[in-house]
Amino acid sequence: MDLVSGYKGVFGAVFGNDNSNSSEDSYVERLLDRISNGVLADDRRLAMTELQAVVAESSASQLAFGAMGFPVLVSVLKEERDDTEMVRGALETLVGALTPINHGKGPKNDVQPALMNTDLLSREADNISLLLGLLTEDDFYIRYYTLQILTVLLTNSPNRLQEAILIIPRGITRLMDMLMDREVIRNEALLLLTYLTREAEEIQKIVVFEGAFEKIFSIIKEEGGSDGGVVVQDCLELLNNLLRNNTSNQILLRETVGFDPLITILKLRGSTYRFTQQKTISLLSALETIKLLITGGGSQTDASKDSVDRLNNKTVLVQKKLLDCLLVLGIESQWAPVTVRCSALRCIGDIIAGHPKNLDAISNKHLGEEPHVEPALNSILRLILRTSSAQEFVAADYVFKRFCEKNVEGQTMLASTLIPQPHPMTHTQLEEDVKLSFGSMLLRGLTLSENEGDLETCSRAASVLSHLLGDNIHCKDKVVKIELDAPAQSFGGSELLLHRIVKYLAVSSSVSYKDGKGSNSGSLYIQPLILKLLVTWLADCPSAVSCLLDSRPHLTYLLELVSHPSANVYVKGLAATVLGECVLYNNASDGGRDPFSIVDAISQKVGLTSFFLKFDDMQRSCVFSASKSVRHSTPLVRSNSASVVEIEEIDQNDPGDHKYEDHPILLSTFDAEFVDLIRKLEADIRESIVEIYSNPKSKVAVVPAELDQKAGENEAHYIKRLKLFLESQCTEIQDLLGRNAALAEDLAMKGGGNNLQPQKSIAGSERVQFETLKRDLEEASQRLDILKAENVELESKASMYKNLAAKTESDLKSLSDAYNSLEQVNIQLEKEVKSLKSSGSSLAVDIEEIKAEAREEAQTECETELNDLLVCLGQEQSKVEKLSARLLELGEDVDQLLEGIGDDSGQQEGDDDDDDED
């Protein structure tokens, strides 16, 4: 009676002592007294019937019964097993006491009497043993009510019941025996086992050991397979519970019963197929079983063994013709529900992934009937290009994704069919022409036209092409060379496929943002899918980067797309990645296309801080972060089976109800593999841009042509041109220094922003960059000390050269004075000549000769001295130029150092002139 006293304590604490004297308590107490102490058998049975009725209708009566009734009824079940009617009544009363009452009767409080009664009954392991023992009774209703009680206990207290059943001898065996009982008992036992095996690995093993697989498939066959009712669904749910994350059970199924009974469920019968809701759920459950076998047992202790088991399951399933059933369900049965088609397509993708023989099998499969027979891969591609269902496109695209993963031969085989068709062939409807090759159909989807519907088809074809090119340099280089016929309205030559795709990307932007926002469902994923193709194509492919940059507008458009105010974070982030690849995988050396020019354009048009923020914004988005965790599908159970079909139908009828971040195509675009590629590219792009900005032309050694003197150019003009060239170089250097300063400021501001959030840990790539910059700073500090010492030495040399320049200026003044004196002598001689002319003509000839000789002698002497002076000046000028270049490297102002040179001499010359005038 300790159990009862404990329960009374709980009861009193919740409801107070006043409730214990209520009329319900008194009435229940009187009935229990009649049952336990009654003399007449009929009176006891009548009291049991009345107790059963009142407990099933009143929450207060349930509480009162729980406080004092369990010992009485448990005593009846133990001691009066021969009285079938009393045992039935006791079991039915227990069912009523454990079943919640949903109507508004009883006290309004937070306590649920049914849950409290469940807890009370399941506390004692002897009670569970007693109930399991009742399953051996011959009476149908006793077994039926017992199973109902066990099911309620398992629903409310699963762990406690599982532990109790495990320690009871032959407890699970008795439950398994119920599967061979009458239909109603069998169904209740099946439901109980389904609940019991959901997360209990030990119970799963025992159930399988008791022959669960044979019994499950026997019931499914008896019920009519996929055309059966909810019992088939329960059988498949139990089967999935036994196989989920359990490698040993999967091996046992493969080696005992085999996969044939499971594949039989997926075979459609008859010429016309009817898909009721229940049949749809049964097929989805069977496809979930296939998925569990394909994905393996998920063993954490022995991953290699689990991988071998997965491959064995895939091999046997395809040998048993499962691929044919899946192709019928996923492609040929267009009357099947979308959920079934999508699940079948995903199973196809999983069953061929990483399995060479299965990859060959899907490559050689053909669908349809003569004369309209085509390869299965062509049919799947046609489905991708024409389906109106986003879910169906994602599932069919998943097949190509899995087909191309680590399958270089398959990628090369499909890429070899990429041959443009003649222009008239491009107008053939996708549904009508089944004779096109895979590549021709794909190219036609990529290059239809520029209206919005065709752009959506183009984006879907771009998704398939991105799978063909992933991690395959040979295919990337081959597809870069594909040329297309120019549109009819164009008079130009052929057009490269890559250029056409970029063109359609630009057109899709104008369509998406024409109203200032991309709100239509197609615009949500057209640009991301095309950009994903470009990101995949350009990765580690310099030829594709060169082809993209051949057209200057492409770079301009990408820069505009990165900073477009109406573009979403995914488009901006992917466009930034494409620009980064144009820097990272760029081997061009000509101006305007080299990596430095691309980085310079990004800095001017977007800004490096804003450019890097595009990556951060994309990575913080819901779609991008959702790929970090594996998206596990919810197991199909009774509680959610109907809603799966309903949700799918709502998705198809009204795709605009999707939230942007929950759009299925976007979720599939940013899968785990693509997200990993983006993260790797981002780290490499950041490192490459920082390196280019740190050493903009460190690998370029070019002697400018402006340093050479042109033919026929005099010294004065040459010196003037050199001065202008030096000024332009100084301006360019100052501009670069300014940009570097801005970059440093941006990086400093970004670092400060990170310090404002100390809770966020620094990413590994940022930590490496920080250590690199710290080391570079230390090295720069050391170099600065060395350069300061050199600067002092150069300043002393500059002072010396300044003195030499002053001396040269003084010598030039002396030469100028000598020349002036010669001019005065010449004037004096001319005066004498005039006087001699006036004295007589006989001396004119002699005078003219003397004058000419004197002038020639003076000119010769003057030219000799002038040449000597120019040679000295040239040598000094060369030294000054070298010194100026070195000072510029050190950041000194050359004009300031040379300021004032010659002023003193000029001032002195001015003073001399004043003296002469005086």
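Structure values in brief
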| read-out | value |
| --- | --- |
| Whole-angstrom Cα spans of region 272-424 along principal axes, big to small | 59, 42, 28 |
| Using θ = phi - 60° and Karplus 6.51 cos²θ - 1.76 cosθ + 1.60, couplings along region 669-683 (whole Hz; Gly, Pro as x) | 5, 8, 6, 4, 5, 5, 5, 4, 4, 4, 4, 5, 5, 4, 4 |
| Average accessible area per residue (Å²) across region 223-339 - probe 1.4 Å, nucleic acids and ligands excluded | 38 Å² |
| Cut-off 15 Å between beta-carbons: net charge of the residues surrounding SER129, Lys and Arg +1, Asp and Glu -1 | +2 |
| Hydrodynamic radius of region 224-283 per Kirkwood, over alpha carbon pairs, in Å | 12.6 Å |
| Exceeding the 32 Å Cα-Cα cut-off - candidates LYS305/LYS572; LYS720/LYS831; LYS365/LYS532; LYS365/LYS476; LYS267/LYS435 | LYS305/LYS572; LYS720/LYS831 |
| Accessible-area composition of region 20-83, carbon plus sulfur, in percent [1.4 Å probe] | 48 percent |
| Cut-off under 5 Å, modelled amide H: who pairs with ARG123 long-range | none |
| Rounded to whole Hz, the Karplus (6.51, -1.76, 1.60) HN-Hα couplings of region 115-123, x for glycine and proline | 5, 5, 5, 4, 4, 5, 6, 7, 5 |
| P(r) of region 223-339 over all Cα-Cα pairs, binned every 5 Å from zero, in whole percent | 2, 11, 21, 23, 19, 13, 7, 3, 1, 0 |
| Overall Cα dimensions of region 563-624 - principal axes, largest extent first, Å | 40, 21, 17 |
| Built amide H within the under 5 Å cut-off of ARG198, gap 5+ | none |
| Over region 223-339, relative contact order from alpha-carbon pairs under 8 Å, at least 6 apart, % | 34 percent |
| Order of exposure, largest accessible area first, which applies to TRP335, TRP537 with probe 1.4 Å | TRP335, TRP537 |
| Sulfur and carbon atoms: percent of accessible area, region 223-339 [1.4 Å] | 51 percent |
| Placed amide H near GLU210: partners under 5 Å, 5+ positions off or other chain | none |
| Table column - 3J(HN,Hα) (Hz), region 222-238, Karplus curve with 6.51, -1.76, 1.60, x for Gly and Pro | 5, 7, x, x, 5, 7, x, x, 5, 5, 4, 4, 5, 4, 5, 5, 5 |
| Mean separation of Cα contacts under 8 Å (6+ apart) over length of region 539-638, as relative contact order % | 27 percent |
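The values are calculated or read from the model by the stated rules, or taken from the named source; none is laboratory data. From a predicted model like this one, the values you see are computed outputs, not experimental measurements. As a convention, Cβ positions derive from the backbone with ideal geometry for all residues, glycine included, and neighbour counts pool all protein chains shown. These area figures cover heavy atoms from the full protein model, side chains too; ligands, DNA and RNA do not enter into them. Shrake-Rupley method; radii C 1.70, N 1.55, O 1.52, S 1.80 Å.
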